[in-house]
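**Student:** I'd like to ask some things about the structure below.
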Amino acid sequence: MRVTAIETLYLAGGITVHAGPIQWLWVRIHTENGLYGLGETYPHPGSEEAVIHSRLASRLLGQDAGRIEGLWTSMFDAVSYSGWAGAEMRAISAVDTALWDLKGKALGVPVYELLGGATRDRIRTYNTCYDHISFLDEPARLAESLLDSGVSGMKIWPFDPIAKLTGGNYITPAQVKEGLRPLRLIKEKFGDSMEVAMEFHGYWNLPCAIQIARACEEFSPMWLEEMLGQDNMAAYRELASSTRLPLTISERLMTTWQYRELLANGAARIVMPDVAWCGGLTQAKKIADMGATHYLPVAPHNCGGPVLHAATMHLAAAVPNLYIAESVRRHYADEYLPIVGPIAGPRDGFFDLPGGPGLGMDLLPSVMDRPDLVRRITDLR
(Lines give C-alpha, C1' and ligand atoms only; values in the text may rest on other atoms or scores of the structure.)
Protein backbone atom coordinates (compact mmCIF):
# COMPACT_ATOMS: atom_id res chain seq x y z
CA MET A 1 0.00 0.00 0.00
CA ARG A 2 2.43 2.58 -1.31
CA VAL A 3 1.86 6.31 -0.67
CA THR A 4 1.43 8.18 -3.95
CA ALA A 5 0.24 11.64 -2.87
CA ILE A 6 -0.25 13.90 0.15
CA GLU A 7 -3.13 16.35 -0.04
CA THR A 8 -4.01 19.17 2.34
CA LEU A 9 -7.34 21.02 2.45
CA TYR A 10 -8.88 23.76 4.55
CA LEU A 11 -11.67 26.32 4.33
CA ALA A 12 -10.36 29.87 4.17
CA GLY A 13 -13.23 31.28 6.21
CA GLY A 14 -12.89 29.02 9.23
CA ILE A 15 -14.91 29.60 12.40
CA THR A 16 -14.55 31.85 15.44
CA VAL A 17 -14.21 30.59 19.01
CA HIS A 18 -13.24 32.26 22.29
CA ALA A 19 -9.58 32.50 21.20
CA GLY A 20 -10.46 34.07 17.85
CA PRO A 21 -10.70 32.69 14.29
CA ILE A 22 -9.48 29.15 13.69
CA GLN A 23 -9.37 26.80 10.70
CA TRP A 24 -9.31 23.03 10.52
CA LEU A 25 -6.64 21.55 8.25
CA TRP A 26 -7.39 18.13 6.74
CA VAL A 27 -4.80 15.77 5.31
CA ARG A 28 -5.52 12.99 2.85
CA ILE A 29 -2.84 10.33 2.31
CA HIS A 30 -3.44 8.67 -1.08
CA THR A 31 -2.16 5.22 -2.08
CA GLU A 32 -1.66 3.25 -5.26
CA ASN A 33 -4.74 1.10 -4.67
CA GLY A 34 -7.09 4.12 -4.60
CA LEU A 35 -7.63 4.21 -0.85
CA TYR A 36 -6.86 7.32 1.17
CA GLY A 37 -6.74 8.13 4.85
CA LEU A 38 -8.07 11.31 6.46
CA GLY A 39 -6.43 13.26 9.29
CA GLU A 40 -6.79 16.69 10.86
CA THR A 41 -5.09 19.39 12.89
CA TYR A 42 -5.79 23.02 13.83
CA PRO A 43 -5.91 26.03 14.42
CA HIS A 44 -3.94 27.97 11.74
CA PRO A 45 -3.29 25.79 8.70
CA GLY A 46 -0.66 27.78 6.84
CA SER A 47 2.27 26.65 8.98
CA GLU A 48 1.16 23.02 9.27
CA GLU A 49 0.47 22.84 5.54
CA ALA A 50 3.99 24.12 4.82
CA VAL A 51 5.57 21.52 7.11
CA ILE A 52 3.59 18.70 5.53
CA HIS A 53 4.56 19.52 1.97
CA SER A 54 8.11 20.80 2.53
CA ARG A 55 9.35 18.48 5.28
CA LEU A 56 7.13 15.41 5.63
CA ALA A 57 6.06 14.55 2.08
CA SER A 58 9.52 13.30 1.12
CA ARG A 59 9.43 10.90 4.09
CA LEU A 60 6.06 9.49 3.00
CA LEU A 61 5.95 9.30 -0.79
CA GLY A 62 6.71 5.83 -2.10
CA GLN A 63 6.63 4.31 1.39
CA ASP A 64 4.40 1.55 2.75
CA ALA A 65 1.52 3.40 4.45
CA GLY A 66 0.92 0.48 6.80
CA ARG A 67 4.23 0.96 8.63
CA ILE A 68 2.82 3.65 10.89
CA GLU A 69 5.36 3.50 13.69
CA GLY A 70 8.30 3.64 11.30
CA LEU A 71 6.79 6.53 9.36
CA TRP A 72 6.17 8.44 12.60
CA THR A 73 9.83 8.07 13.54
CA SER A 74 10.94 9.14 10.08
CA MET A 75 8.72 12.23 10.18
CA PHE A 76 9.98 13.13 13.65
CA ASP A 77 13.56 12.79 12.47
CA ALA A 78 12.78 15.17 9.60
CA VAL A 79 11.77 18.00 11.93
CA SER A 80 13.40 17.35 15.31
CA TYR A 81 16.68 19.14 14.58
CA SER A 82 14.99 22.49 14.01
CA GLY A 83 12.42 22.15 16.80
CA TRP A 84 9.27 20.10 16.79
CA ALA A 85 6.84 21.15 19.56
CA GLY A 86 4.61 23.40 17.45
CA ALA A 87 3.49 23.38 13.84
CA GLU A 88 5.82 20.45 13.15
CA MET A 89 4.11 18.19 15.68
CA ARG A 90 0.64 19.31 14.65
CA ALA A 91 1.55 18.42 11.06
CA ILE A 92 2.82 14.99 12.13
CA SER A 93 -0.37 14.50 14.16
CA ALA A 94 -2.60 15.06 11.13
CA VAL A 95 -0.56 12.72 8.92
CA ASP A 96 -0.39 10.05 11.61
CA THR A 97 -4.16 10.10 12.11
CA ALA A 98 -4.64 9.77 8.35
CA LEU A 99 -2.36 6.70 8.32
CA TRP A 100 -4.43 5.01 11.05
CA ASP A 101 -7.62 5.81 9.13
CA LEU A 102 -6.08 4.38 5.97
CA LYS A 103 -4.98 1.18 7.68
CA GLY A 104 -8.42 0.66 9.19
CA LYS A 105 -10.01 1.10 5.77
CA ALA A 106 -7.56 -1.32 4.17
CA LEU A 107 -8.30 -3.97 6.81
CA GLY A 108 -12.02 -3.22 7.02
CA VAL A 109 -12.03 -2.49 10.78
CA PRO A 110 -12.58 0.57 13.00
CA VAL A 111 -9.42 2.29 14.22
CA TYR A 112 -10.18 1.41 17.84
CA GLU A 113 -9.77 -2.26 16.89
CA LEU A 114 -6.24 -1.48 15.70
CA LEU A 115 -5.54 0.25 19.03
CA GLY A 116 -6.35 -2.94 20.94
CA GLY A 117 -10.12 -3.14 20.72
CA ALA A 118 -12.93 -1.49 22.63
CA THR A 119 -12.68 -1.39 26.42
CA ARG A 120 -16.21 -0.04 26.86
CA ASP A 121 -19.58 0.06 25.10
CA ARG A 122 -20.04 3.85 25.19
CA ILE A 123 -18.00 6.98 25.90
CA ARG A 124 -18.79 9.49 28.65
CA THR A 125 -18.53 13.12 27.54
CA TYR A 126 -18.67 16.69 28.76
CA ASN A 127 -19.33 19.89 26.81
CA THR A 128 -16.82 22.66 26.27
CA CYS A 129 -18.96 25.74 26.22
CA TYR A 130 -18.44 27.51 22.89
CA ASP A 131 -22.17 27.94 23.01
CA HIS A 132 -25.01 30.19 21.92
CA ILE A 133 -25.73 30.66 25.63
CA SER A 134 -22.97 32.56 27.48
CA PHE A 135 -21.57 30.92 30.61
CA LEU A 136 -20.63 34.41 31.84
CA ASP A 137 -24.11 35.90 31.42
CA GLU A 138 -26.44 32.92 31.89
CA PRO A 139 -24.49 30.05 33.45
CA ALA A 140 -27.49 28.34 35.02
CA ARG A 141 -29.53 28.47 31.79
CA LEU A 142 -26.60 27.01 29.88
CA ALA A 143 -26.21 24.21 32.42
CA GLU A 144 -29.94 23.51 32.28
CA SER A 145 -29.89 23.28 28.48
CA LEU A 146 -27.03 20.78 28.65
CA LEU A 147 -28.78 18.69 31.29
CA ASP A 148 -31.93 18.72 29.15
CA SER A 149 -29.84 17.27 26.30
CA GLY A 150 -28.45 14.57 28.58
CA VAL A 151 -24.99 16.10 29.14
CA SER A 152 -24.01 16.39 32.81
CA GLY A 153 -20.53 17.86 32.49
CA MET A 154 -19.29 21.22 31.19
CA LYS A 155 -16.08 23.25 30.93
CA ILE A 156 -15.98 27.02 31.39
CA TRP A 157 -13.26 29.72 31.70
CA PRO A 158 -14.76 32.62 33.70
CA PHE A 159 -11.39 33.85 35.03
CA ASP A 160 -10.02 34.63 31.55
CA PRO A 161 -11.51 38.16 31.30
CA ILE A 162 -9.93 39.00 34.65
CA ALA A 163 -6.53 37.68 33.57
CA LYS A 164 -6.70 39.89 30.49
CA LEU A 165 -7.24 42.91 32.74
CA THR A 166 -4.43 42.12 35.18
CA GLY A 167 -2.02 40.25 32.94
CA GLY A 168 -2.40 37.28 35.28
CA ASN A 169 -0.05 39.03 37.72
CA TYR A 170 -2.57 39.80 40.48
CA ILE A 171 -6.19 39.18 41.39
CA THR A 172 -8.23 40.97 44.06
CA PRO A 173 -10.69 39.24 46.43
CA ALA A 174 -13.55 40.92 44.57
CA GLN A 175 -12.23 39.58 41.25
CA VAL A 176 -11.97 36.08 42.71
CA LYS A 177 -15.65 36.28 43.64
CA GLU A 178 -16.45 37.57 40.15
CA GLY A 179 -14.60 34.65 38.52
CA LEU A 180 -16.33 32.14 40.77
CA ARG A 181 -19.82 33.52 40.07
CA PRO A 182 -20.75 31.19 37.14
CA LEU A 183 -19.47 28.13 39.01
CA ARG A 184 -21.32 29.16 42.16
CA LEU A 185 -24.62 29.78 40.35
CA ILE A 186 -24.45 26.43 38.55
CA LYS A 187 -23.68 24.56 41.75
CA GLU A 188 -26.34 26.40 43.76
CA LYS A 189 -29.04 25.43 41.28
CA PHE A 190 -27.94 21.95 40.18
CA GLY A 191 -25.54 20.68 42.84
CA ASP A 192 -23.82 17.46 41.87
CA SER A 193 -26.14 16.96 38.89
CA MET A 194 -23.78 19.10 36.80
CA GLU A 195 -20.02 18.61 36.96
CA VAL A 196 -17.99 21.68 36.03
CA ALA A 197 -14.38 21.79 34.87
CA MET A 198 -12.49 25.07 35.10
CA GLU A 199 -10.17 26.13 32.25
CA PHE A 200 -7.55 28.89 32.70
CA HIS A 201 -5.54 28.81 29.43
CA GLY A 202 -2.22 29.27 31.25
CA TYR A 203 -2.82 32.96 32.01
CA TRP A 204 -1.89 33.10 35.72
CA ASN A 205 1.28 33.29 37.77
CA LEU A 206 1.84 30.82 40.59
CA PRO A 207 0.63 32.91 43.58
CA CYS A 208 -2.57 33.86 41.77
CA ALA A 209 -3.14 30.25 40.67
CA ILE A 210 -2.83 29.04 44.26
CA GLN A 211 -5.23 31.75 45.43
CA ILE A 212 -7.80 30.86 42.77
CA ALA A 213 -7.44 27.11 43.24
CA ARG A 214 -8.10 27.36 46.97
CA ALA A 215 -11.14 29.55 46.33
CA CYS A 216 -12.50 26.95 43.88
CA GLU A 217 -12.29 24.14 46.43
CA GLU A 218 -15.62 25.10 48.00
CA PHE A 219 -17.39 24.09 44.78
CA SER A 220 -15.43 20.89 43.93
CA PRO A 221 -14.97 21.33 40.18
CA MET A 222 -13.97 18.29 38.11
CA TRP A 223 -10.51 19.73 37.57
CA LEU A 224 -8.46 22.90 37.11
CA GLU A 225 -6.96 23.04 33.62
CA GLU A 226 -3.83 24.91 32.51
CA MET A 227 -3.66 27.38 35.38
CA LEU A 228 0.00 28.07 34.49
CA GLY A 229 2.05 27.92 31.34
CA GLN A 230 3.01 24.39 30.40
CA ASP A 231 6.79 24.71 30.56
CA ASN A 232 7.58 24.59 34.30
CA MET A 233 6.63 21.30 35.93
CA ALA A 234 8.24 22.27 39.26
CA ALA A 235 5.79 25.19 39.49
CA TYR A 236 2.92 22.83 38.70
CA ARG A 237 4.13 20.46 41.39
CA GLU A 238 4.01 23.32 43.91
CA LEU A 239 0.52 24.25 42.72
CA ALA A 240 -0.62 20.63 42.99
CA SER A 241 0.64 20.47 46.58
CA SER A 242 -1.30 23.65 47.41
CA THR A 243 -4.80 22.41 46.53
CA ARG A 244 -6.88 19.28 46.95
CA LEU A 245 -8.37 19.73 43.48
CA PRO A 246 -7.02 17.72 40.52
CA LEU A 247 -4.93 19.60 37.96
CA THR A 248 -4.41 18.93 34.28
CA ILE A 249 -2.44 20.38 31.38
CA SER A 250 -3.98 19.89 27.97
CA GLU A 251 -3.26 20.39 24.29
CA ARG A 252 0.00 22.35 24.52
CA LEU A 253 1.92 19.32 25.77
CA MET A 254 3.18 17.19 22.88
CA THR A 255 4.62 13.66 22.65
CA THR A 256 5.53 11.14 25.30
CA TRP A 257 8.69 13.10 26.16
CA GLN A 258 6.83 16.15 27.42
CA TYR A 259 4.25 13.99 29.19
CA ARG A 260 7.07 12.09 30.88
CA GLU A 261 8.08 15.34 32.58
CA LEU A 262 4.49 15.98 33.63
CA LEU A 263 4.11 12.52 35.15
CA ALA A 264 7.57 12.31 36.72
CA ASN A 265 6.94 15.57 38.57
CA GLY A 266 3.48 14.64 39.83
CA ALA A 267 2.29 17.85 38.20
CA ALA A 268 -1.20 16.67 37.23
CA ARG A 269 -3.80 14.10 38.23
CA ILE A 270 -5.54 13.85 34.85
CA VAL A 271 -3.79 13.21 31.52
CA MET A 272 -5.21 15.25 28.61
CA PRO A 273 -3.55 14.67 25.22
CA ASP A 274 -4.96 16.20 22.05
CA VAL A 275 -4.72 13.75 19.12
CA ALA A 276 -4.36 16.64 16.65
CA TRP A 277 -1.41 18.18 18.56
CA CYS A 278 0.40 15.56 20.61
CA GLY A 279 1.68 13.40 17.73
CA GLY A 280 -1.49 11.74 16.48
CA LEU A 281 -3.04 8.49 17.61
CA THR A 282 0.39 6.85 17.77
CA GLN A 283 1.51 9.17 20.56
CA ALA A 284 -1.91 9.68 22.19
CA LYS A 285 -2.29 5.96 22.90
CA LYS A 286 1.21 5.80 24.39
CA ILE A 287 0.53 8.87 26.54
CA ALA A 288 -2.68 7.31 27.85
CA ASP A 289 -0.78 4.12 28.65
CA MET A 290 1.91 6.14 30.46
CA GLY A 291 -0.84 7.71 32.56
CA ALA A 292 -2.15 4.26 33.42
CA THR A 293 1.24 3.25 34.84
CA HIS A 294 0.84 6.16 37.29
CA TYR A 295 -2.77 5.12 38.05
CA LEU A 296 -4.00 8.30 36.39
CA PRO A 297 -7.08 8.68 34.16
CA VAL A 298 -7.07 10.14 30.67
CA ALA A 299 -9.52 12.80 29.44
CA PRO A 300 -8.68 13.49 25.77
CA HIS A 301 -8.79 17.11 24.64
CA ASN A 302 -11.14 17.56 21.66
CA CYS A 303 -11.96 21.11 20.53
CA GLY A 304 -11.19 20.78 16.83
CA GLY A 305 -13.00 19.66 13.72
CA PRO A 306 -14.99 16.55 12.88
CA VAL A 307 -12.03 14.31 12.02
CA LEU A 308 -10.37 15.06 15.36
CA HIS A 309 -13.71 14.32 17.03
CA ALA A 310 -13.85 10.91 15.36
CA ALA A 311 -10.20 10.13 16.17
CA THR A 312 -10.76 11.14 19.81
CA MET A 313 -13.74 8.80 20.11
CA HIS A 314 -11.69 5.90 18.71
CA LEU A 315 -8.94 6.62 21.24
CA ALA A 316 -11.51 6.92 24.04
CA ALA A 317 -13.05 3.59 23.04
CA ALA A 318 -9.70 1.80 23.31
CA VAL A 319 -7.96 3.17 26.41
CA PRO A 320 -8.90 1.37 29.64
CA ASN A 321 -8.14 4.39 31.87
CA LEU A 322 -10.62 6.78 30.22
CA TYR A 323 -12.14 9.30 32.62
CA ILE A 324 -14.24 11.35 30.19
CA ALA A 325 -13.91 12.70 26.63
CA GLU A 326 -14.37 16.31 25.61
CA SER A 327 -16.87 17.37 22.94
CA VAL A 328 -18.32 20.67 21.73
CA ARG A 329 -22.09 20.78 21.23
CA ARG A 330 -21.87 23.78 18.93
CA HIS A 331 -19.51 21.85 16.67
CA TYR A 332 -21.29 18.50 16.39
CA ALA A 333 -24.77 20.04 16.27
CA ASP A 334 -23.95 22.72 13.72
CA GLU A 335 -20.47 23.38 12.34
CA TYR A 336 -19.60 19.79 11.42
CA LEU A 337 -22.76 19.35 9.34
CA PRO A 338 -21.65 21.02 6.06
CA ILE A 339 -18.30 19.22 6.24
CA VAL A 340 -19.11 15.60 7.09
CA GLY A 341 -22.89 15.50 7.45
CA PRO A 342 -24.83 14.68 10.64
CA ILE A 343 -22.95 13.32 13.65
CA ALA A 344 -24.94 11.57 16.35
CA GLY A 345 -24.79 13.53 19.59
CA PRO A 346 -24.51 11.98 23.03
CA ARG A 347 -27.38 10.14 24.69
CA ASP A 348 -27.63 10.37 28.49
CA GLY A 349 -24.16 11.89 28.58
CA PHE A 350 -22.50 9.18 26.46
CA PHE A 351 -21.49 8.83 22.82
CA ASP A 352 -21.95 5.49 21.12
CA LEU A 353 -18.80 3.76 19.96
CA PRO A 354 -17.59 5.22 16.63
CA GLY A 355 -18.07 3.33 13.41
CA GLY A 356 -15.65 2.23 10.73
CA PRO A 357 -13.88 1.13 8.73
CA GLY A 358 -11.03 3.40 9.72
CA LEU A 359 -12.35 6.50 11.45
CA GLY A 360 -15.73 5.94 9.81
CA MET A 361 -15.81 9.47 8.43
CA ASP A 362 -15.13 11.36 5.21
CA LEU A 363 -15.51 14.88 3.87
CA LEU A 364 -18.71 15.46 1.95
CA PRO A 365 -18.27 15.73 -1.84
CA SER A 366 -19.75 19.24 -1.64
CA VAL A 367 -16.69 20.39 0.33
CA MET A 368 -14.57 19.88 -2.79
CA ASP A 369 -16.77 22.36 -4.71
CA ARG A 370 -16.65 25.17 -2.16
CA PRO A 371 -15.13 28.43 -3.41
CA ASP A 372 -13.31 28.96 -0.09
CA LEU A 373 -11.53 25.58 -0.24
CA VAL A 374 -7.73 25.83 -0.25
CA ARG A 375 -6.18 22.65 -1.62
CA ARG A 376 -2.57 21.56 -2.22
CA ILE A 377 -1.16 18.23 -3.44
CA THR A 378 2.37 16.82 -3.45
CA ASP A 379 2.75 13.57 -5.37
CA LEU A 380 5.34 11.24 -6.90
CA ARG A 381 5.56 13.12 -10.18
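**Student:** Anything in region 118-133 that is within 21 Å of V319 (Cα to Cα) and either over 21 Å from the mean Cα position of the chain (by Cα) or not small (G, A, S) (or both)? List them, or say none.
**Tutor:** T119, R120, D121, R122, I123, R124, T125, Y126, N127
**Student:** With surrounded by 24 or more Cβ atoms within 10 Å (Cβ to Cβ) and either outside the structural domain of T172 (by TED's automatic domain parsing) or closer than 17 Å to S93 by Cβ (or both) as the only criterion, which of A299, A276 stands out?
**Tutor:** Just a single option satisfies the conditions, and that option is A276.
**Student:** Could I ask something else about it? Regarding region 165-187, can at least one residue be identified that is more than 29 Å from G37 (Cβ to Cβ), basic (K, R) and touching a strand residue (DSSP E or B) at 6+ places or on another chain (Cβ under 9 Å)?
**Tutor:** yes
**Student:** A further question on this structure: From the list L253, L262, exactly one residue is in a helix (DSSP H, G or I) and surrounded by 23 or more Cβ atoms within 10 Å (Cβ to Cβ). Which is it?
**Tutor:** The conditions single out L262.
**Student:** I'd like to check which strands (runs of 3 or more DSSP E) are fully inside region 275-381 and have at least 2 residues that are touching a strand residue (DSSP E or B) at 6+ places or on another chain (Cβ under 7 Å), modelled with pLDDT of 95 or more and charged (D, E, K, R).
**Tutor:** 373-379
**Student:** Looking at (1) buried (at least 24 other Cβ atoms within 10 Å of the Cβ); (2) on the phi < 0 side of the Ramachandran plot; (3) touching a Gly at 6+ places or on another chain (Cβ under 8 Å), which one does Q230 not meet, given that it meets all the others?
**Tutor:** It fails just one condition, (1).
**Student:** How many of the residues making up region 323-348 are exposed (fewer than 15 other Cβ atoms within 10 Å of the Cβ), over 28 Å from T248 (Cα atoms) and either in contact with a helix residue (DSSP H, G or I) (Cβ under 7 Å, 6 or more places away or on another chain) or in contact (Cβ under 8 Å) with a residue 12 or more places away in the chain (or both)?
**Tutor:** Qualifying residue count for the region: 2.
**Student:** Restricting the search to region 131-172, which residues are within 25 Å of G191 (Cβ to Cβ) and of a type in the set (S, T, Y)?
**Tutor:** The answer is S134, S145, S149, S152.
Condition check ((1) surrounded by 22 or more Cβ atoms within 10 Å (Cβ to Cβ); (2) over 24 Å from T128 (Cα atoms); (3) among the β-branched types (V, I, T)) across all residues:
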position	(1), (2), (3)
E238	no, yes, no
L245	no, no, no
I270	no, no, yes
T282	yes, yes, yes
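Residue-by-condition table, conditions (1) over 14 Å from T255 (Cβ atoms); (2) out of contact with any strand residue (DSSP E or B) (no Cβ under 6 Å at 6 or more places or on another chain); (3) outside any loop (DSSP other than H, G, I, E, B):
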position	(1), (2), (3)
G46	yes, yes, yes
E49	yes, no, yes
A57	yes, no, yes
G70	yes, yes, yes
S74	yes, yes, yes
D77	no, yes, yes
W84	no, yes, no
E88	no, yes, yes
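**Student:** Going through region 21-67 one residue at a time, which ones are touching a Lys or Arg at 6+ places or on another chain (Cβ under 7 Å), of a type in the set (V, I, T) and surrounded by fewer than 21 Cβ atoms within 10 Å (Cβ to Cβ)?
**Tutor:** Within region 21-67, just T31 meets the criteria.
**Student:** So which residues in region 290-301 are free of Cβ contacts under 8 Å to residues at least 40 places away in the same chain and either hydroxyl-bearing (S, T, Y) or in contact with a Ser or Thr (Cβ under 9 Å, 6 or more places away or on another chain) (or both)?
**Tutor:** Passing the criteria: M290, T293, Y295, P300.
**Student:** Separate question: Just wondering, is there one or more residues in region 272-285 that are among the basic types (K, R), closer than 25 Å to I29 by Cα and in contact (Cβ under 8 Å) with a residue 24 or more places away in the chain?
**Tutor:** So far as region 272-285 goes, yes, one or more of its residues are among the basic types (K, R), closer than 25 Å to I29 by Cα and in contact (Cβ under 8 Å) with a residue 24 or more places away in the chain.
The values are calculated or read from the model by the stated rules, or taken from the named source; none is laboratory data. The model shown is predicted, which means the values in this text are computed figures rather than measured ones. Ideal geometry is used to build each Cβ from the backbone, glycine not excepted, and the neighbour counts take in all protein chains shown.
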